[in-house]
Amino acid sequence: MTRPSLPFAALLAALAPSLGAAQGTTTAATPARPEVHIVATGGTIASTNYYGGESGKIGVEALLKAVPALDTVARVSAQQFSNVGSGAFTPAMWLALSRGIADTLRARPALAGVVVTHGTDTMEETAYFLDLTVADARPVVVTGAMRPADGVGIDGPANLMHAARVARDPAARGRGAMILMNDEILAARDATKANTVRPDAFVAPVRGALGVADPERVVWHRLPVRAPTFDLANVRELPRVDVVYSYVGADGAAVDALVAAGARGLVVAGVGRGGLASAQRDAISRAIAQGVVVVMGSRTGAGSVPVGQGVRRRGGAADAPEEPSTVGAGDLNVQKARVLLMLALTRTNDPRQVARIFAEHQ
Ligand code: ASP
């Protein structure tokens, strides 16, 4: 026997009143609905197939239609920035996205906050870039989905709903960019994708969640680390920064090749607390001598690497002249350290200054 299939959006529209009630988002709790702006960029939340990489199937209007109860929490406006899998994001898109959000916030003083829908694969990088560059106190909440819109038990509509609830919450102000996934609010700085498929893929391994979007209210546990944002006014493009992995038997070939390709910075996914494979050392020293800024991170997934000074005494003697050295990533993971280094290099090439910037962001 075949069953008639009901498109997901139609199903949700039919369930809308009970969905709103079930999520505790009735208008009674919210006398005047704040304004929230949604910027859609693509990803699984806007796709219909896990395996085919079919991003770009669902436009922002259809995304909104699939969550009619959004209307009960905010007056929503929306914009399609792009409709791509997050692996297709580029640094140039980061610049455009950040500037667009800043312009929207400036032009609309009544806006409570912004929600960005994004593929989950590189969501943490985009979210951190926005955290470091959008100077407005109003929140930017980045969300997405682990399951495609035509899947079973999908998470996209709930994530979008909760992201809007966080974005309109006055207590979200001053907390920078955040990731809302699976009811949890994570600081963009701290969040990482730690599972390829599960709806609870996002974690903040060192510092934990900022809060949760509970059914009846948004609950805040702590404040995130905040440091002055980077001004993009004179930034035409972001410098090339690459990531190098350390492992048993790694040599300097990748480092030399990346420097030859024009990298102005390197972030090392080091062993343990920021260690290098022995055969990588000479190539890293050569890179530093050529003016490449090298940040040491860790491939472990949690814990920190000492931030340090960005310089050391030649040969280790106390009175020897200083020479440039590596900078530690602190507890930023490697992909976050890369984002911060790209922005730091828009200001300075001096490892001592870069070390100061990394210390500020711990
Ligand atoms: N491949 C998708 C993306 O990052 C995965 C997702 O959104 O979950 O665009």
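The values are calculated or read from the model by the stated rules, or taken from the named source; none is laboratory data. Since we're looking at a predicted model, the values are computed, not measured. Glycine gets a Cβ as well: all are built from the backbone with ideal geometry, and neighbour counts include every protein chain shown.
So which of 44, 117, 90 is hydroxyl-bearing (Ser, Thr, Tyr) and either surrounded by fewer than 19 Cβ atoms within 10 Å (Cβ to Cβ) or more than 13 Å from the ligand (Cβ to nearest atom) (or both)?
Answer to the check: 90.
Yes/no matrix, rows are residues, columns are (1) part of a helix (DSSP H, G or I); (2) surrounded by 17 or more Cβ atoms within 10 Å (Cβ to Cβ); (3) modelled with pLDDT of 55 or more:
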| site | (1), (2), (3) |
| --- | --- |
| 1 | no, no, no |
| 20 | yes, yes, no |
| 48 | no, no, yes |
| 55 | no, yes, yes |
| 106 | yes, no, yes |
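Return yes or no: is residue 149 more than 19 Å from the chain's Cα centre (by Cα), within 15 Å of the ligand (Cβ to nearest atom) and within 18 Å of residue 44 (Cβ to Cβ)?
Details: more than 19 Å from the chain's Cα centre (by Cα): yes; within 15 Å of the ligand (Cβ to nearest atom): yes; within 18 Å of residue 44 (Cβ to Cβ): yes.
Considered against the rule, which asks whether it is more than 19 Å from the chain's Cα centre (by Cα), within 15 Å of the ligand (Cβ to nearest atom) and within 18 Å of residue 44 (Cβ to Cβ), residue 149 comes out as yes.
Restricting to the range 162-199, name every residue that is surrounded by fewer than 24 Cβ atoms within 10 Å (Cβ to Cβ) and under 16 Å from residue 336 (Cβ atoms).
Passing the criteria: 192, 193, 194.
Go through (1) within 16 Å of the ligand (Cβ to nearest atom); (2) within 21 Å of the chain's Cα centre (by Cα); (3) surrounded by fewer than 23 Cβ atoms within 10 Å (Cβ to Cβ) one by one and return the number of the condition residue 100 breaks.
It is condition (1) that residue 100 fails.
Taking the range 225-250, which residues are surrounded by 14 or more Cβ atoms within 10 Å (Cβ to Cβ) and more than 21 Å from residue 175 (Cβ to Cβ)?
Within the range 225-250, 235, 238, 239, 240, 241, 242, 243, 244, 245, 246, 250 meet the criteria.
Assess whether residue 40 counts as being within 17 Å of residue 155 (Cα to Cα), in contact with a Ser or Thr (Cβ under 9 Å, 6 or more places away or on another chain) and in the same structural domain as residue 160 (by TED's automatic domain parsing).
So residue 40 fits the description; yes.
Here is a check on your reading of the model: is residue 255 surrounded by 13 or more Cβ atoms within 10 Å (Cβ to Cβ) and closer than 16 Å to residue 266 by Cα? Lay out the reasoning, then the answer.
Numbers: surrounded by 13 or more Cβ atoms within 10 Å (Cβ to Cβ): yes; closer than 16 Å to residue 266 by Cα: yes.
Spelling it out, residue 255 is indeed surrounded by 13 or more Cβ atoms within 10 Å (Cβ to Cβ) and closer than 16 Å to residue 266 by Cα.
Looking only at the range 152-165, filter to residues that are aliphatic (A, V, I, L, M) and either in a strand (DSSP E or B) or over 17 Å from residue 36 (Cα atoms) (or both); which one of those is nearest to the ligand (Cβ to nearest atom)?
Out of the qualifying residues, it is 154.
Looking at the range 120-146, which of its residues are of a type in the set (Ser, Thr, Tyr) and within 16 Å of the ligand (Cβ to nearest atom)?
120, 122, 126, 128, 143
Quick one: which helices (runs of 4 or more DSSP H) lie wholly within the range 268-362 and hold at least 1 residues that are closer than 20 Å to residue 187 by Cα and out of contact with any Gly (no Cβ under 6 Å at 6 or more places or on another chain)?
Correct list: 334-344, 351-360.
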